[in-house]
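In what follows, a single structure is set out as structure tokens and then discussed.
Values in this text are rule-based calculations from the coordinates and carry no lab data. Bear in mind the structure is a predicted one, so any value in this text is a computation, not a measurement. Virtual Cβ from ideal backbone geometry, glycine too; neighbours counted across all protein chains shown.
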Amino acid sequence: MQQDTHSLFRLENIYRAYRQCRRRKRNTFNALIFEQNLEENLLELHETLNNRSYTPKPSIAFLVEKPKRREIFAADFRDRVVHHLLVNYMEPQWE
């Protein structure tokens, strides 16, 4: 498992997950902030994942009215990158 985790958290995999994440979130505030220091943010994420010090940030909660009223919990953009990274790793095992 150690070998799999090490290869999962390679910088190229993190960058690929970032590219997938930004497809639909490109112009959101959090995505734009993340992109301002893209290289630094990706390297920091790579380091924290590999040394196992990564912790997700609190989600943002808000209400939407359409099509019906509901509460949404949105993860920080950085955490969404990690979500994409993990799904890319796990999805082939599910199919």
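Take residues that are under 20 Å from residue 90 (Cα atoms) and tell me which of the helices (runs of 4 or more DSSP H) falling wholly in region 1-78 contain 3 or more. Show your work before the answer.
On the way: elements: 2-8, 11-25, 29-36, 38-50.
In region 1-78, 2-8, 11-25, 38-50 are the helices (runs of 4 or more DSSP H) which contain 3 or more residues that are under 20 Å from residue 90 (Cα atoms).
So residue 16 passes all but one of these: (1) on the phi > 0 side of the Ramachandran plot; (2) surrounded by 13 or more Cβ atoms within 10 Å (Cβ to Cβ). Which condition number does it fail?
Unmet condition: (1).
Being small (Gly, Ala, Ser) and farther than 18 Å from residue 26 by Cα is the filter here; which residues of region 56-95 pass it?
Of region 56-95, the ones small (Gly, Ala, Ser) are 59, 61, 74-75.
Within region 56-95, 59, 61 meet the criteria.
Condition first: closer than 18 Å to residue 20 by Cβ and surrounded by fewer than 10 Cβ atoms within 10 Å (Cβ to Cβ). Now tell me which residues in region 52-92 satisfy that.
Of everything in region 52-92, those that are closer than 18 Å to residue 20 by Cβ and surrounded by fewer than 10 Cβ atoms within 10 Å (Cβ to Cβ) turn out to be 91, 92.
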